[in-house]
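Structure first, commentary second.
The values are calculated or read from the model by the stated rules, or taken from the named source; none is laboratory data. Everything numeric in this text was worked out from a predicted model, so none of it was measured. A quick note on method: Cβ atoms are made from the backbone with ideal geometry, for glycine too, and the neighbour counts reach across all protein chains shown. What goes into the accessible areas is simple: the full protein's heavy atoms, side chains included, and nothing from ligands, DNA or RNA. Shrake-Rupley method; radii C 1.70, N 1.55, O 1.52, S 1.80 Å.
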Amino acid sequence: MLNLEAFESLLKTSISGRSSNNELWDSIDSTNARLLALAKDGAKEGTVVFARAQSQGRGRQGRQWISPPDSGLYMSLLLRPEKPAAEIPAITLAVGVACAKAILATTGVRIGLKWVNDLVYQGKKLGGILAEMQMNSDRSAIVIGIGINISFDAALIPEELAHRIIWLDQAAGTACDTNALAAEICLQMEDAYNRMMQGDVKAILDEWRAYSVTLGQEIVASGTSKEFRGTAIDITESGALLVQTATGTEEIFGGEISIRTRDGSYC
Ligand code: BTN
């Protein structure tokens, strides 16, 4: 179970997770909302907010992130980059890489990354990332929200979700240490973020490619200005997905994609 002291004792970072104002809530509306508020009041880079449950966990595309008590890792981490957020668009891919490496290091489970930032295992969703920005007069703040399914009671999962989600204990075949995972995410995040700030975007993108379950797949992109159907061929330096369509190459910056499965359906 998440415990702030245990988490902090496992940290191997310089900044990430090192704030004396980290928080762990039994229950909160959203760790991202809480950290955005703390950022507005001047919270330091590296501050982390955890919750054991969220009543209004935020997902991408305005969706809710279902966050039952002690079933997942619900964490938000504050970055205060020197560059404007717009100049580091691939930061969200770096977070995916950091999560994939942290999960591998602490559980031995090799997950896949589905563009833009779904954490997947055997075609099912294991977690997701939601980065939210705040523009301040001095330095902008980026709140990195990470939700990872850890331990679910299969009997309590709604039928429509049952075949679409998976949790880490199930993937690993054993109970995972959430504190160790959170500390390792901080370490991998710090490493990826530092490399990105030093301009080493290419190496991060190569790591993302190695974990990708998207590239080479037939996809449909929705939630963009028009719907694209084609083959995902690469990602760009700005984190966009390059799609080969019947008429040419398109770059997708936002929205969502579905990947064609063997039976011809898209998920
Ligand atoms: C997604 O839709 O895939 C992104 C989900 C992100 C959920 C996490 S849980 C911790 C943090 N707080 C939130 O309200 N959302 C993120």
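From the list Tyr121, Tyr211, the one residue that fits, being of a type outside the set (S, T, N, Q), free of Cβ contacts under 8 Å to residues at least 60 places away in the same chain and on the phi < 0 side of the Ramachandran plot, is Tyr121.
The set of residues in the range 5-24 being outside any strand (DSSP E or B) and either near the ligand (Cβ under 10 Å from one of its atoms) or open to solvent by 40 Å² or more (accessible area, probe 1.4 Å) (or both) consists of Glu5, Glu8, Ser9, Leu10, Lys12, Ser14, Ile15, Arg18, Ser20, Asn21. Name every residue in the range 25-51 that is within 23 Å of Asn149 (Cβ to Cβ), surrounded by fewer than 18 Cβ atoms within 10 Å (Cβ to Cβ) and more than 9 Å from the ligand (Cβ to nearest atom), in order of residue number. Residues satisfying the conditions are Trp25, Asp26, Ser27.
Yes/no matrix, rows are residues, columns are (1) without any contact (Cβ under 8 Å) to a residue 40 or more places away in the chain; (2) loosely packed, with under 15 Cβ neighbours inside 10 Å; (3) outside the structural domain of Arg110 (by TED's automatic domain parsing); (4) of a type in the set (Ser, Thr, Tyr):
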site: Leu205; (1), (2), (3), (4): no, no, no, no
site: Glu237; (1), (2), (3), (4): no, yes, yes, no
site: Ala246; (1), (2), (3), (4): yes, yes, yes, no
site: Glu250; (1), (2), (3), (4): yes, no, yes, no
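The helices (runs of 4 or more DSSP H) located wholly in the range 146-259 that include 3 or more residues which are under 19 Å from the mean Cα position of the chain (by Cα) and charged (D, E, K, R) occupy 178-197, 201-211. Comparison of Leu113, Leu161, Leu130 shows that the only residue that is closer than 20 Å to Leu24 by Cβ and within 16 Å of the ligand (Cβ to nearest atom) is Leu130.
In the range 161-178, the residues that are within 20 Å of Phe7 (Cβ to Cβ) reach residues that are of a type in the set (D, E, K, R) and not in a loop (DSSP other than H, G, I, E, B) with C-beta atoms within less than 8 angstrom, at least six apart or across chains, in these pairs: Ala175/Asp169; Cys176/Asp169. Inspect all residues belonging to the range 99-110 and state whether any of them is in a loop (DSSP other than H, G, I, E, B), away from the ligand (no atom under 14 Å from the Cβ) and open to solvent by 60 Å² or more (accessible area, probe 1.4 Å). Within the range 99-110, one or more residues are in a loop (DSSP other than H, G, I, E, B), away from the ligand (no atom under 14 Å from the Cβ) and open to solvent by 60 Å² or more (accessible area, probe 1.4 Å). Of all residues in the range 57-90, those being in a helix (DSSP H, G or I) and within 15 Å of the ligand (Cβ to nearest atom) number 3.
Within 11 Å of the ligand (Cβ to nearest atom) and free of Cβ contacts under 8 Å to residues at least 24 places away in the same chain: does that describe Gln54? Spelling it out, it is not the case that Gln54 is within 11 Å of the ligand (Cβ to nearest atom) and free of Cβ contacts under 8 Å to residues at least 24 places away in the same chain. Looking at the range 87-133, which of its residues are polar (S, T, N, Q) and more than 15 Å from Trp167 (Cβ to Cβ)? Those that are polar (S, T, N, Q) and more than 15 Å from Trp167 (Cβ to Cβ): Thr92, Asn117.
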